[in-house]
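Read through the structure below, which is laid out as structure tokens, and then see the notes.
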Amino acid sequence: MNLTHMQDESSWLPLKREDSTFFLKLMQQSSEGLRNMILSYLTFYNLGNKDLEDIYDLTFLSAIQNIEKLRASPNPVGWLYRAARFHISHLRRAENRLVRFPDLHAPLSTEENFDLSLSEILPNNLKADDVQLLTLRYTYRLSIRDIAEQLSLSEDSVKQRLKRLRDRLRKGLSDDS
């Protein structure tokens, strides 16, 4: 965050003058140490530093939103550090909920050592997104909710796409017989 830009109070959320002065002093006092602490936590948890700025900004946004609590706190810098750790733990939980999948077109092995990929079973006219959706649902047995979260779609969209895919597959199978 650029501190000279922060002094332009017209670009802030509505804060009282004494709150904005308090906030600027707190930022100047804790900015570098807070950034280093966030970076060390992100490194320790193998989250990478791509989220450093986001966590940093979220921490100071939390401070602005809770400015009365922050002013009443006996240790406002400690409050900022706790807020940063909260946002880091939230990021860790979000990262852990994401399922990392192998290549969806790689051969699947069964107990009989029979190599078969899902793309070999499905018709050739399916898009890669459709194969991915079917794989998440029927190979990895994810719930609609988990699929929606993984693919950044709404649950209704996932349900609708799955229904259309099943209908297309049924129609394709009945035409072949």
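No value in this document is a laboratory result; all are computed from the given coordinates. The structure displayed is predicted, hence computed values, not measured ones. With ideal geometry, Cβ positions are generated from the backbone for all residues, glycine too; neighbour counts draw on all protein chains shown.
The lysines within cross-link reach of K25, meaning a Cα-to-Cα straight distance under 17 Å and a gap of 8 or more places when in the same chain, are K16, K69.
Place the peptides 153-161, 83-91 in order of packing, highest mean first, counting for every residue the other Cβ atoms within 10 Å and averaging per peptide. Please list the in-between numbers first.
Numbers: 153-161: 14.7, 83-91: 17.2.
Going from most to least packed, we get 83-91, 153-161.
Each residue of the stretch 41-51 is assigned a 3J(HN,Hα), and the resulting list reads 5, 4, 5, 4, 8, 6, 9, x, 8, 5, 9 Hz, derived from the Karplus form 6.51 cos²θ - 1.76 cosθ + 1.60 (θ = phi - 60°), x at Gly and Pro. Which pairs break 27 Å Cα to Cα here: K50/K159; K127/K171; K127/K159; K127/K163? From the list (K50/K159; K127/K171; K127/K159; K127/K163), the Cα-Cα distance tops 27 Å for K50/K159. Scalar couplings 3J(HN,Hα) for the stretch 26-39, obtained by applying the Karplus form with A = 6.51, B = -1.76, C = 1.60 to θ = phi - 60°, are 4, 4, 5, 6, 10, 4, 5, x, 5, 4, 5, 5, 4, 4 Hz; x denotes Gly and Pro.
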